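A quick write-up on the structure given underneath.
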Amino acid sequence: MSPVSRGRKPKKRAKSKQRKRPAPGSGPVNAAELGLSGLSTGGRSRIDAFFGPPDRPEWFTPSQERVLAASRGLLAARGPRALEQATAELTGAEFHRAVHAERSGLRFDLWAMELTGCAVDQMVAAAGRGDGGWRGPWRLLCGLASIGSYGLGAFASQQASEAAKKLPRDELAAQPAWLELLPDIEATGDVRVMRDGYGTRFAVIAGFCYPGGIDPSVYLFDIDACGTIRLAGAGVFDDLEQAAVAWREQVGVSAEGLVPVPATAGSLACLVYCEHAEQILSGSEPRALMDNWFRGPRRMRDVTDALRGQGVDLPSPRSLYHDIDFAPMAAGFTGWYSARHGHAPGRDAVEALAAEWLEGMLPGTEHAVSPHRSEFYRELIGDWRDDPVTDAVLALLPEWVRWNGERAGVPAHLIEHAVSAALA
């Protein structure tokens, strides 16, 4: 009898506690598909026309007005990297505020599309005044072109180009030439990786620069595969060592002493799967992550495109929720448990645990354990309401974690931390 046929909640519903809020911006938004090509005027009217009369979130307008007012501060940037970072921080501040204060309407993709249109409107209105008021929104568009994921970056770039036709030619010619470089930031193909002692947390550090080798930097992807595969952190750093130090400090004891090594196609499975994973919100995201809400997915695509262009055969993502063969893992654990305890565990409980454990698992981490992974699965299994096997599965979880940790070669002291979390 399968786990689901015994009355267990379907797996995706069991995971619903981890998806407390919808995934704003998780799908691609393509400007051409929205019918938004050409110069946008009337900031949100054309988006409203495409999507129909929406229940427009109240936080959109004051948030967009704050960003537009603050865009004059972007004039202080002296290079493309500085402008990109300042733009990421402007949008990230609004996303962080919305995540912690709002209960609905977290459509960051639509917010950004509207903001782009509003920036164009403000530029056009200011162009004839002769006070230079168009320059802040202009730089905002350039910044969005650099950090925008999916269709947003291309839309912002196209809108900036169209809006330039409305600007005073002499003033536009006096703008720094580096502003034109922002949409074309590119990955160099130099990628390094680290994997923590538990085997569930990854650092991918990739080199980037603007055309002509201007403003070289590295981008850190901190990928957590303890449960759902997600970007736990991200950021731009001066060099490889600076990024590695930041990641080790963030991860803690399981990352001590690790150094970046050249990436292989196999070691980048974490990046490939993270690129295609659903972006989710828990409501407790740190500010740095919200600064990279758009830029993180954009840089993932930049890296994978660059590597494939160099002939690197990256893994092709497959569904992690279908055609799961849990029988070998269930049999292996049953044999180990029987030898250790002198009796076999309940078959239904073992099969249910193996099936839940493997669903959504990043390939290559099937036996990896960590305190966070233990907590994740305790919560999922605890959500099997009114299921007669729930208590038996929870009772097996600590030994399951121990067995998997031993199979993965996780250091003994780290296994004990993971087992303790499973017992909590």
**GluC sites (Glu not before Pro) restricted to the range 285-381 and DSSP loop, no more than 16 other C-beta within 10 Å** = Glu366
**Message:** Restricting to Cα pairs below 8 Å that are 6+ residues apart, what does the relative contact order work out to for the chain? Please round to a whole percent.
**Reply:** 17
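If R0 is 45 Å, what FRET efficiency do you get for Gln175 and Tyr321 from their C-beta distance, rounded to 0.05?
On the way: r = 49 Å, r/R0 = 1.10.
Efficiency at R0 = 45 Å is approximately 0.35.
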**Message:** Just checking my list (1) 0.93; (2) 1.03; (3) 1.00 against Rg/Rh (Cα atoms, Kirkwood Rh) computed from this structure; which label fits?
**Reply:** (2)
**Request:** Exposed loop trypsin sites (Lys or Arg not before Pro) only (DSSP loop, at most 11 other Cβ atoms within 10 Å): please give the longest stretch of the chain free of them, not including the sites.
**Result:** 166-317
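Just to confirm a number: summing +1 for Lys and Arg and -1 for Asp and Glu over residues other than Gly148 whose beta-carbon lies under 14 angstrom from that of Gly148, what do you get? It would help to have the intermediate numbers written out before the result.
Working: positive: Arg295, Arg298, Arg299, Arg301; negative: Glu84, Asp109, Glu114, Asp184, Asp291, Asp302.
After counting each charged neighbour, the total is -2.
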**Request:** May I ask for the angle, rounded to the nearest 10°, between helix 240-251 and the longest principal axis of the chain, with both axes built from Cα atoms and the value confined to 0 to 90°?
**Result:** 50
**Using alpha-carbon coordinates, inclination of helix 327-341 to the longest axis of the chain, degrees** = 50
**Complete:** Using alpha carbon centers only, the range 291-339 is separated from the range 132-182 by a whole-angstrom value of 37
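Give me the dipole magnitude in Debye, nearest 20, for the chain about the Cα centre, with unit charges on the beta carbon: positive for Lys and Arg, negative for Asp and Glu. Please list the in-between numbers first.
Numbers: 46 positive and 52 negative charges, 151 e Å.
Roughly 720 debye, rounded to the nearest 20.
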**Prompt:** Considering the dipole of the chain built from charges on the beta carbon (Lys and Arg +1, Asp and Glu -1) around the Cα centre, which of Pro211, Gly335, Val193 is farthest to its positive end?
**Reply:** Gly335
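What does the charge dipole of the range 273-395 about its Cα centre add up to, to the nearest 20 debye, if the Cβ of each Lys and Arg holds +1 and the Cβ of each Asp and Glu holds -1?
On the way: 12 positive and 20 negative charges, 101 e Å.
The dipole of the range 273-395 has a size of about 480 debye.
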**Asked** Any idea which of Leu268, Trp59, Phe294 is furthest toward the positive side of the dipole for the chain, if Lys and Arg beta-carbons carry +1 and Asp and Glu beta-carbons -1?
**Response** Trp59
**Request:** Measure nothing fancy, just the Cα-based angle from helix 80-101's long axis to the longest principal axis of the chain, in degrees from 0 to 90, nearest 10.
**Result:** 60
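Throughout, read-outs are computed from the coordinates displayed, never taken from laboratory work. Source: prediction; values computed, not measured. Positions of Cβ are generated from backbone atoms using ideal geometry, with glycine treated the same way; all protein chains shown enter the neighbour counts.
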